[in-house]
1. Is it fair to say Gly157 is touching a helix residue (DSSP H, G or I) at 6+ places or on another chain (Cβ under 7 Å), outside any helix (DSSP H, G or I) and either assigned by TED's automatic domain parsing to the domain that holds Ala98 or loosely packed, with under 10 Cβ neighbours inside 10 Å (or both)?
2. Of all residues in the stretch 94-109, count the ones that are free of Cβ contacts under 8 Å to residues at least 60 places away in the same chain and buried (at least 19 other Cβ atoms within 10 Å of the Cβ).
3. With respect to Val115, determine if the residue is over 28 Å from Pro183 (Cα atoms), buried (at least 18 other Cβ atoms within 10 Å of the Cβ) and assigned by TED's automatic domain parsing to the domain that holds Ala178.
4. Looking only at residues in the stretch 1-44 that are of a type in the set (S, T, N, Q) and not in a loop (DSSP other than H, G, I, E, B), which one is surrounded by the fewest Cβ atoms within 10 Å (Cβ to Cβ)?
5. Could you check Asp134 against (1) closer than 23 Å to Leu17 by Cα; (2) within 29 Å of the chain's Cα centre (by Cα) and say which number it fails?
6. Please count how many residues of the stretch 39-85 are closer than 21 Å to Asn139 by Cβ, in contact with a Phe, Trp or Tyr (Cβ under 7 Å, 6 or more places away or on another chain) and in contact (Cβ under 8 Å) with a residue 60 or more places away in the chain.
7. Kindly establish whether Val175 is at pLDDT 65 or above, in contact with a Ser or Thr (Cβ under 6 Å, 6 or more places away or on another chain) and in a helix (DSSP H, G or I).
Amino acid sequence: MGPVTARHVERFPNLRLIPQDSLSLRLMLWGNALPGFDAETDMPFHGSHPAFRRDLARFFVDPSPWIEYMGTIDFAFGDRIHGNVAAILAGTPALLIAHDSRTLELARYHQIPHVLASELGPDEDAVDFYERADFTAFNAGQPERWATFEAYLAKNGLQHSLDDPEQLARYDARVAAAALPGPVHAVTRDPRVGEPLDRVDWLYRELGRQPGGLRRLKQTRTEDAERIAALEAQVAELSARLAATEQRSGGFLRRRRRG
């Protein structure tokens, strides 16, 4: 997906990237690159990636704002099944780029428009993906899939929201009235923050590239702390001895003067 990502960031100025994992959230909040990746990768795994620097990335921590936002865009694609489902729930056409058996099985059963990652052309982009996103089979198969799911619920004595439209309306009203958080933006979009974070990340990685570099650095800090503690103990002991000597010397001089 690296070349696909780079190609779209370059060609589509209105592109929006929706990361969906905790490591990406940490990256967006603190600038921490994902382990094993640096600024040379095409994937948005580093704070200096154009998707972050150009403020193209949005991270949602609640599904309702996420789905609502997906309803404002024209088309969605990607290799994360949840992102495509969020788009479909919002009424936005989507194309899943299937990269493993789990997502492929879900796409086949629900007849979500999809293409195998291995079948992507070297220069395909969102325009080509949109042409692949045919929802005819998806729409035609929805009644049968829903009937299967509803029968399973009934068999196990489970009710669902469509059994009580009034309850569903009340739930939707409560969600609409809730003060839900908006999307997270990348901290590195601000050059005043992004560039210093890049330097810190570079230093961390340079140390990490040295065999045992971080371990030796931590060991050195530990040894320095132990030496400092030992020196402080010696200083305290010498100070106590000096104070005792001064006290004895003062007493001797006083006795001499009295004599």
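1. no
2. Result for the stretch 94-109: 6.
3. On the way: over 28 Å from Pro183 (Cα atoms): yes; buried (at least 18 other Cβ atoms within 10 Å of the Cβ): yes; assigned by TED's automatic domain parsing to the domain that holds Ala178: yes.
Yes: the conditions hold for Val115.
4. First pass over the stretch 1-44, keeping only residues of a type in the set (S, T, N, Q): 5, 14, 20, 22, 24, 32, 41.
Pick out the ones that are also not in a loop (DSSP other than H, G, I, E, B) and you get 5, 22, 24.
Working: Thr5: 20, Ser22: 9, Ser24: 20.
Looking at the filtered set, the residue picked out is Ser22.
5. (2)
6. 0
7. Working: at pLDDT 65 or above: yes; in contact with a Ser or Thr (Cβ under 6 Å, 6 or more places away or on another chain): yes; in a helix (DSSP H, G or I): yes.
Criteria met by Val175.
The values are calculated or read from the model by the stated rules, or taken from the named source; none is laboratory data. Keep in mind that what you see is a predicted model, and the values were worked out from it rather than measured. Every residue, glycine among them, receives a Cβ derived from its backbone with ideal geometry; neighbour counts consider all protein chains shown.
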